[in-house]
Structures are given as structure tokens and as C-alpha cells.
1. For Lys210, go through the lysines and keep the ones whose alpha-carbon is under 21 Å away, minus same-chain ones fewer than eight residues off.
2. Cβ under 13 Å from Ala161's Cβ, Ala161 left aside: what net charge do those residues give with Lys, Arg +1 and Asp, Glu -1?
3. Step through the residues of the range 60-69 one at a time and calculate ³J(HN,Hα) from phi using the Karplus curve (6.51 cos²θ - 1.76 cosθ + 1.60, θ = phi - 60°), rounding each to whole Hz and writing x for Gly and Pro.
4. With an 8 Å Cα cut-off and a minimum separation of 6 or more residues, compute the relative contact order for the range 1-47 in percent.
5. Which loop-located trypsin sites (Lys or Arg not before Pro) does the range 181-229 contain, where loop means any DSSP state but H, G, I, E or B and the Cβ has at most 15 other Cβ atoms within 10 Å?
6. Could you check the spin-label model distance between Glu83 and Gln234? Points 7 Å from the Cα along Cα→Cβ, value in nm.
7. Compute the FRET efficiency between Ala184 and Asp46 as 1/(1 + (r/R0)^6), taking r as their Cβ-Cβ distance and R0 = 25 Å, and round to the nearest 0.05.
8. Pull up all non-local amide H partners of Ser11: gap of 5 or more, or a different chain, and H-to-H distance under 5 Å with H placed in the peptide plane.
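Please treat every number below as a calculation from the coordinates, not as lab data. Here the structure is a predicted model, which means the values were calculated and not measured. Positions of Cβ are generated from backbone atoms using ideal geometry, with glycine treated the same way; all protein chains shown enter the neighbour counts.
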Amino acid sequence: MSDAPLTVERSGKLLQLQFNRPASLNAIDSAMAGAFLDVVTDAVADAELRVIILSGAGRSFMAGGDIALFSRDPQSIPDSLIEPMNQAIQLLSASDKIVLGSVQGPVAGAGMSLALACDLLIAADNTRFSFAYTALAASGDLGITWTLPRLLGLRNSLAIALLGDSIKADEAQRLGLVNRVVEAEQLAEQTISLANQLAELPTLATANIKRLMQAALQQDLGSQLAAEKQAFSQCIDQPAFHAAVAGFLSKRR
């Protein structure tokens, strides 16, 4: 097995980025953060890619930041760890690629933050989410205070952050944190199956859907209606639109 902090596997339209520090439950250190930014920068510029999968080696997707680094050099954390991760998350958010998180085991702190930053999330039935930052007397990073209230609302988000309860996979799905829960033994197979399904969706349509939904909470209705109209007009000009319409009509005959 590679000792690189991040492994990369390309398969057609799919790219799987796997965090690879299983002995520390894939805790983020500076080397991992830098590698993640480098790979994401290249991935979002690759026009052939459609889906980017984020996963973790071993029994955990990611159990937070590297506590050894926190103890050894806490002043380096904002610049050497948080900043490159923030840049990578922003690149993924702005990209037209679909970002699919595939998680298992403990998903805590920065691991939960990164999981929630994905566009879609599939989880093994042994997954346990934990905000975890308050246990370190910290307030959160990597966008968790932005994504969590948008997914769950303010009161539920505050309860998760302040009370520190662990959230099991089925409860996470009920709350809307997770899209799909599968048996742990089936996670890898089901992740690739879902990623392949997503990769075959029309490129411009999915890019517009992602962009429109991200913007919706910051726009008034009139602005959103106008943005939808413009995006739909772009889709109409694509061969994929005309092929899909023709295919739909042929099935009705």
C-alpha cells in the first residue's frame, strides 16, 4: 500500500481521492492538506472528469485533524492545514463536477466538515458523525458552520454542535445529512455504481443544477427565477437536450 497521504485512482469519468493515513483514522495533517489541494486543483481543470469521489482508507473516512500537530505546532494550523483545505473545498464547490462523499466509521470534526461539503453523500451503516470541535475547545472549520445550518436549520445545528451527541448513519439519513446508507461491505461497490450513474447525466444540466441550488439561499425569488430561465436557455442549445426530448417522445409512440 502507498504511504502517500492521499491516493488517486482514475477510471474514465471518475476520480477517486482516498485519504490514506488509516493508522491515525485519516486525521488531516499539513502534508495531507497540501496534497489534497494539489490534486483538487488538477481535477477541477480536467474537462473529461464528471465525478470526484472522496473516501478514506481503513475503518474511518476521517476522524478530524491531527491532534499531534495541534499539540506540537498549533500556530501553524490556520495556514498549513485549514487554508489549503479551504481552498480545495471552494474549488470543489465552484466546479461543475459532482463531488460524491463515501464515508464509514468515525466521521468527526474536520471529517464531518469535509463530508458535508460534498454534493452527495453515501454512508456505510457503521458510520458515526460527531461535531467534535467543542471537545477540543474549538469552534469548527472547513465550512461546517456554513453547511450544517443550511442542511438542518439553526436549532438542530446548534444542538449537534453544543451537545456533542454522536449521530448514527440511519439518523443522519433521516435528518438529511446523508443521501444513502448501505451495508459496510457494500460501500465501495455501491459508491462506484452511484458515481457511474451520476457521470452519465448531462453535463451542462447538472452543472447548472448545482450552481442554481447553491445560490438559492442567497437570492430572492425574482433573481432565482431569472437565473433558472437563463440556465434553461443554455440547456436548450445543447445536443443532449434535443436528444433527450426526441427519446422521450419516441417512448410515447
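1. Lys13, Lys97, Lys229
2. Working: positive: Arg155; negative: Asp141, Asp165.
Summing Lys/Arg as +1 and Asp/Glu as -1 gives -1.
3. Per-residue couplings from phi come out as 9, 5, 5, 9, x, x, 6, 5, 4, 5 Hz.
4. Working: 33 pairs, mean separation 14.6, N = 47.
Relative contact order, the range 1-47: 31 percent.
5. On the way: sites: Lys210, Arg211, Lys229; in loops: none.
Listed in order of number, the matching sites amount to none.
6. With each label placed 7 Å out from Cα toward Cβ, I get 3.2 nm.
7. Numbers: r = 31 Å, r/R0 = 1.22.
According to the calculation, E is roughly 0.25.
8. Gln16
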